[in-house]
1. Do we have I65 as at pLDDT below 85 and surrounded by 13 or more Cβ atoms within 10 Å (Cβ to Cβ) here?
2. Within the stretch 302-322, how many residues turn out to be charged (D, E, K, R), under 23 Å from C471 (Cβ atoms) and either at pLDDT 90 or above or touching a Ser or Thr at 6+ places or on another chain (Cβ under 9 Å) (or both)?
3. Filter the stretch 437-469 down to the residues that are free of Cβ contacts under 8 Å to residues at least 40 places away in the same chain and in a loop (DSSP other than H, G, I, E, B), then identify the one that is surrounded by the most Cβ atoms within 10 Å (Cβ to Cβ).
4. Kindly indicate the residue of the stretch 785-827 that is small (G, A, S) and within 24 Å of the chain's Cα centre (by Cα) and also surrounded by the fewest Cβ atoms within 10 Å (Cβ to Cβ) among those meeting that condition.
5. Looking only at residues that are open to solvent by 70 Å² or more (accessible area, probe 1.4 Å) and not basic (K, R) in the stretch 938-953, which one is nearest to G914 (Cα to Cα)?
6. Find all pairs meeting these conditions: Cβ atoms under 7 angstrom apart; at least six residues apart or on different chains; first residue within the stretch 638-667 and modelled with pLDDT of 85 or more; second residue of a type in the set (K, R).
7. Of the conditions (1) open to solvent by less than 60 Å² (accessible area, probe 1.4 Å); (2) within 41 Å of the chain's Cα centre (by Cα), M841 satisfies every one except a single condition; which number is it?
8. Looking at S956, S897, S908, which one is in contact with a Leu (Cβ under 9 Å, 6 or more places away or on another chain), hydroxyl-bearing (S, T, Y) and open to solvent by 30 Å² or more (accessible area, probe 1.4 Å)?
Amino acid sequence: MVKRVVNLGNSRGARSLNFLQQTQLERQKRERERAREHAAIVLQSATRRHLDLTQAAKEIYDTWIRTEEFRDQNEWNEWLVEFGFLSTKRTIDDYELVAKLEAEIDRNNQHLQIDRRHIYIVIRGLSCILLRDSSSHIALKMILRMVHSCGDNDNGIVRFPRGTIKNVLGALLESNSKLVLDIVFHVNVREGSEGFMEFMADEDQWSLEPNTDYQRIINANAIEFVRVSDTDPKRLISTVSNIITVFGDSSSWTEEDYATLFPLLAKMDFQVALSHEDEDEDKDEDDDIDDEDKLNLDYQEESTSSKEECLEVDAKIMNNIYKLYAPHIVQYVVSCFRTNNESTTMYLNVLVCLLKLVPQFKDRIGMFITLVPGFHKKMLNILQDSQLYTAITDDSRDIIPIEYSEDDASGFWNSVYVFHESYSYWLLVSNDFESFNEDKLTREDIVPYLKFLKRLCISLVLNLCPERLRCLKEISIVLLNQLYQKNSRLKLIPDNENFWRLDSNQINVAAIVQLIQQEEKLQIDEDADNSLEKQSHKYRRFSTLSKLKGSTSHSTARLELLRKLPFLVPFMDRVKIFKRLSTKEGTEDFFIPESRLSGDIRRANVLEDAYTHFHKAGSLLKAKISVTFHNEFGVEAGIDGGGLTKEFLTAVIADGFSKTTYFKTTPEHTVYPNEDIYYRLSKNMDVEESHEQLKMIKFLGNIIGKCFYENVLVDIAFAPFFLSKIGYSQKNSINDLYYYDREYFENLIKLSKLPTKEIEDLDLYFTINVKVNDRDLNYELIPDGANTKVNSANVLNYIHQIANFKLNQSLYIQTKYFVEGLSKLINIDRLAMFSPSELQMLISGGDNPDVDLRDWKLHVSYGGYLEDDLTIQLFWDVVENEFTAKQRCELLKFVTSVSRAPLLGFGSLSPMFGIRNSGREVDRLPTASTCVNLLKLPDYQDRATLKRKLLYVIESESGFDLS
């Protein structure tokens with residue numbers, strides 16, 4: 001009898017395991033042994049099966065390969081099934097197998113058929129062979145033969161096994177043959193769609209070419225195409241490009257072709273650019289402009305397209321993408337968007353795609369939209385009917401809450417984007433007389449929309465703008481700037497409504513100044529690290545915001561607002577910022593030497609002497625200037641404490657800008673560079689003299705920069721179109737021609753309204769004639785302009801080309817030199833805070849020819865007088881009630897050397913305006929120390945005497961002899 005001992009877990013065995021653990025280990029051991037035994041049995045069975053199948057396959061193959069005659073269709077079908085079985089066996093010679101198949105099909109194709117089921121079996125077998133050998137051309141050839149044997153049933157598409165395309169793609173790498181392409185385009189994209197899309201997304205399908213069969217197959221599977229198409233930009237653009245290649249000439253595309261292509265375009269929301277390795281085309285520009293070989297007369301329009309990272313593509317893809325901007329395609333998209341209510345969203349997305357894909361072509365979209373009557377009005381109505389639009393306009397806050405920009409509003413934002421792009425184009429090409437015609441948007445339409453646009457721009461700048469709305473932000477800012485400029489000319493919104501100002505979130509001047517200084521210092525350090533090359537002004541508007549120490553998103557956003565929408569910031573705040581950054585009182589420039597620049601200046605040759613002494617100084621003009629004036633009697637008296645410098649600057653400007661050699665005046669008596677310089681240089685006439693004139697223009701730019709730096713106002717009125725080039729650095733348009741020559745502008749506008757017959761009778765061509773030095777010069781406005789006659793279809797283009805030639809091309813080189821001179825003393829980018837009219841105020845104190853007496857009286861320092869002394873009371877009474885506005889300005893110039901009041905008021909004048917008692921000798925004349933803004937006034941105590949003496953000194957135009 002066996003005695004059983006049960007271990008309940010309290011006692012330990014030899015291995016210190018309890019009974020339960022020991023039992024578990026033994027069970028696991030038995031399971032492993034059983035698994036090994038089972039595996040051995042399976043392996044033995046598989047081996048026997050493999051050997052049996054191999055033997056069977058060999059026997060089948062031996063019989064199969066010798067078969068040459070078939071009694072009936074059934075025997076033929078069995079033979080094809082056997083081929084499908086043999087094709088899976090690696091031990092069979094693939095070439096012999098396929099060669100036998102081809103031979104028997106050739107021999108029996110007259111009396112034996114291959115039905116669809118057996119075609120599938122054969123193709124599956126051939127696909128297996130391709131999987132082992134992708135270069136098997138005989139297998140490829142047989143696959144294509146099977147495809148063609150299907151006939152035209154089911155659109156010529158047979159159900160192939162999954163992976164067929166994947167198997168044949170390898171062959172394409174080897175052969176790039178049309179044979180492979182034929183196979184790919186005839187396989188079943190319904191069951192093998194992933195493989196087919198893999199093929200179509202390959203950017204290296206260079207062997208593709210226009211093919212109507214392929215086109216039919218692609219169109220038959222358009223829905224599947226969109227469903228499985230890749231969202232990766234690179235693969236998506238390759239797919240679209242390959243489809244365009246297959247479709248061929250776009251002029252013959254059908255609605256079915258568009259229905260295939262447009263859904264794919266609607267999924268694209270990115271920009272493309274031609275991939276190439278650019279050589280550095282930014283040639284070094286020597287500061288010494290004496291090198292005539294470096295003079296570039298070509299007008300270079302600043303690119304407004306976004307500098308964002310874009311998808312680089314090769315030339316083949318880019319050329320295909322260009323085809324999408326053919327006039328008939330763009331016109332078709334615009335027409336469908338306007339009339340097809342069922343697919344409005346898709347066509348809207350296609351428009352968005354075309355506007356973003358190749359930015360330099362987006363004007364074509366704007367042009368065709370402009371030609372559609374009522375399009376802008378319809379778009380505006382669509383937007384205004386949106387709940388989101390109502391929510392934004394009804395919100396009392398300047399900044400729209402970020403929740404207004406959720407994804408479910410993408411259709412709304414796309415509509416806004418298309419509207420802004422197209423309407424911005426219209427404002428660009430239209431003149432002020434036609435911008436608000438009844439068939440577009442009237443003033444009554446656009447003024448309410450301005451409220452929405454302004455709030456949108458402020459919110460996109462001051463909020464963290466989502467990346468998907470970045471393009472909308474850019475064009476919205478452009479549009480708001482355009483409408484602001486329109487408003488400045490046409491007064492759409494009365495000035496007293498204070499519409500162009502933020503209701504809250506005022507700019508902190510000190511914080512903004514500090515931020516800009518930090519940014520510029522970082523930029524200087526970065527430039528020094530990257531290159532030792534000197535940087536020149538390139539007509540750029542603003543540098544990219546850097547990551548600044550201590551800055552916040554709040555402060556950087558307001559800096560961006562100041563730069564992109566400056567008119568929303570109060571003018572005086574912008575003036576304060578400019579003066580803090582650009583004048584010697586507001587800056588600390590440690591690179592300016594303490595020594596003075598000096599020179600003797602003859603009153604009769606102020607400009608020439610100034611040029612001789614100072615034109616090579618460049619940025620060193622920031623140093624103090626010591627000048628000695630000479631008149632016909634000799635050296636003028638006067639110790640320069642700053643007043644002589646101001647007198648010198650105003651004298652140089654008065655002399656330089658009054659000479660038509662360098663600058664001309666418009667009929668409205670505003671100044672702009674002499675275009676004759678360009679005419680002569682472009683025709684290689686008087687080259688040396690013209691270069692000397694350019695150098696003088698650059699020097700006058702130095703002088704204006706010095707006036708900015710010294711905070712000196714000057715009596716010079718620049719033409720608005722010239723100021724816009726200095727500040728906004730923008731291309732002038734047809735509207736600016738109004739300020740160039742009002743009569744000329746009005747005649748051009750009349751030309752655009754003439755009947756077709758009258759325009760043709762004028763016999764105009766795209767050329768322009770100018771007279772220089774009694775010589776007639778001819779210029780073509782466009783390539784082959786001499787052979788392009790003006791007609792009713794192109795008359796608007798003719799007018800715009802005239803404006804471009806007059807205001808941009810012929811003034812480019814002179815403006816470039818003037819701006820280079822100006823930029824030696826101030827940062828040009830800072831002037832972009834100001835509109836042309838505001839910039840004129842910054843230069844000359846504005847258009848008001850009078851002085852603010854109240855402000856003047858509040859900021860006067862008296863010496864030897866009290867405010868209620870009789871002579872002081874008589875002085876202010878005469879100045880206020882008996883002097884004309886001109887005489888008041890002349891008195892101010894006598895004391896301060898400048899006839900305009902300080903832009904920030906007399907409180908900003910340094911030193912403060914002073915009146916000092918110079919004694920009781922009533923026969924003496926008043927004198928002045930302009931260096932300290934001091935009037936030395938005898939104690940006349942008689943109204944008539946005081947008035948007579950003051951008028952004498954201010955009208956005598958003496959220099960500093962009376963000081």
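The values are calculated or read from the model by the stated rules, or taken from the named source; none is laboratory data. All of these numbers come straight from a predicted model, not from anything done at the bench. All Cβ positions, even for glycine, are placed from backbone atoms using ideal geometry, and neighbour counts span all protein chains on display. For the accessible areas, the whole protein counts, side chains as well, though only heavy atoms, and no ligand, DNA or RNA atoms are used. Shrake-Rupley method; radii C 1.70, N 1.55, O 1.52, S 1.80 Å.
1. Values: at pLDDT below 85: no; surrounded by 13 or more Cβ atoms within 10 Å (Cβ to Cβ): yes.
In short, no.
2. Our first condition is that a residue be charged (D, E, K, R); within the stretch 302-322, this holds for 302, 307-309, 312, 314, 316.
In the following step, the residues that additionally are under 23 Å from C471 (Cβ atoms) were identified as 302, 307-309, 312.
From what's left, either at pLDDT 90 or above or touching a Ser or Thr at 6+ places or on another chain (Cβ under 9 Å) (or both): 302, 307, 312.
Selection size over the stretch 302-322: 3.
3. The residue in question is C465.
4. Filtering the stretch 785-827 down to residues small (G, A, S) leaves 785-786, 792-793, 803, 810, 821, 823.
If we keep only those that are within 24 Å of the chain's Cα centre (by Cα) too, we end up with 803, 823.
Numbers: A803: 24, S823: 20.
That would be S823.
5. Step one: list which residues in the stretch 938-953 are open to solvent by 70 Å² or more (accessible area, probe 1.4 Å), which gives 941, 943, 948, 952.
Filter again for not basic (K, R), leaving 941, 952.
Details: Q941: 18, Y952: 20 Å.
This residue is Q941.
6. If the second residue must be of a type in the set (K, R), the pairs left are L649/K706; P667/R742.
7. (1)
8. Answer to the check: S956.
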